[in-house]
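Asker: Sending over a structure as structure tokens; questions will come in a sec.
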Amino acid sequence: MKRIVFALLLAGAGILSTSCGRQVTRVSTEETIDISGKWNNTDSREVAEEMTNQILSGAWIGNHQEEFAGKKPVVIVGVVNNKSHEHIDAETFVKDVEQSFIKSQRVRLVQGGKKREELRGERADQQTNASVSTMKKFGLENGADYILQGSINSIVDAHKKKKVVYYQVNLELSHIQTGEVVWIGDKKIAKYVKR
């Protein structure tokens, strides 16, 4: 009797689990799919590419190369703050910007933040644990000429089951030696969400 009840319970659980199942379909990361209306990977990638193109077409790059005999400027990407109403992983956006810089081959990019500290930690470790012939020396890092900083902002306009979410990404490129802002730009996105 116990076996019959157990078998019926298992069969019932199987029916429940298949009726509540979830279907997952892999899609291209290049495809635009807006499910929630929130900031997503497409927004991050497109804004990064467009803003990087804006930065690289600015007069500052020509001015730098004219002043320094054609040398590519060295850029570091600093902090991009998420000031929006939702959780946005700003590091994903920063990586998209860095990737666009490297693809362009118009600037040289150096590590910043935690990655730079990790590099310095490895270099410090090599001072005692690597052979003299392979040890990397202190004081030979490329110093950045410019730092890119910014913020991701949002405004929500909602009424009943409708809302419009406005995103604005603001970026500024500053000359590190002088503090001069050499480029400033923004990119706006608006999303209409109806439930």
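Asker: Tilt of helix 113-129 relative to the longest C-alpha principal axis of the chain, in degrees (0 to 90, nearest 10)?
Answerer: That helix lies at roughly 70 degrees to the long axis.
Asker: Carbon and sulfur atoms: what percent of the 1.4 Å accessible area of the chain do they account for? Kindly include the intermediate steps, with their values, before the conclusion.
Answerer: Numbers: 7280 of 13690 Å².
Roughly 53 percent of what the probe reaches on the chain is carbon or sulfur.
Asker: Right, something else. Tabulate in residue order the Karplus-calculated ³J(HN,Hα) for region 152-166, using 6.51 cos²θ - 1.76 cosθ + 1.60 with θ = phi - 60°, rounded to whole Hz; enter x for Gly and Pro.
Answerer: Karplus values, whole Hz, x for Gly and Pro: 10, 10, 8, 9, 10, 10, 10, 8, 6, 9, 10, 7, 10, 10, 9.
Asker: Further question on the same structure: Rounded to the nearest 0.05, what FRET efficiency is calculated for ARG26 and ARG195 with R0 set to 22 Å and r the Cβ-Cβ distance? Walk me through the intermediate numbers first.
Answerer: Values: r = 27 Å, r/R0 = 1.23.
The value I calculate is 0.25.
Asker: Calculate, in nm to one decimal, what GLU172 and GLN105 gain on full extension: separation in residues at 0.36 nm each, minus their alpha carbon distance.
Answerer: My answer for the length gained is 22.1 nm.
Asker: Here's another thing I want to ask about it. Please list ILE76, ILE33 from largest to smallest accessible area, probe radius 1.4 Å, with all protein chains kept in place.
Answerer: Values: ILE76 15, ILE33 70 Å².
Descending order: ILE33, ILE76.
Asker: Still on this structure: Run through every distinct alpha carbon pair of region 27-125 and return the Kirkwood hydrodynamic radius in angstroms, one decimal place.
Answerer: Numbers: mean 1/r = 0.0639 Å⁻¹.
With all distinct Cα pairs of region 27-125 included, I get 15.6 Å.
Asker: Using only the alpha carbons, work out the radius of gyration and Dmax of region 78-195 in angstrom.
Answerer: 19.8, 69
Asker: Also, I was wondering about something else. Evaluate E = 1/(1 + (r/R0)^6) for HIS87 and SER131, where r is the Cβ-Cβ distance and R0 equals 35 Å; express this FRET efficiency to the nearest 0.05.
Answerer: Details: r = 46 Å, r/R0 = 1.32.
Computed FRET efficiency for HIS87 and SER131 comes out at 0.15.
The values are calculated or read from the model by the stated rules, or taken from the named source; none is laboratory data. The structure displayed is predicted, hence computed values, not measured ones. Please note: Cβ atoms are built from the backbone with ideal geometry, for glycine as well, and neighbour counts cover all protein chains shown. The area values use the complete protein model at the heavy-atom level, side chains included, leaving out ligands, DNA and RNA. Shrake-Rupley method; radii C 1.70, N 1.55, O 1.52, S 1.80 Å.
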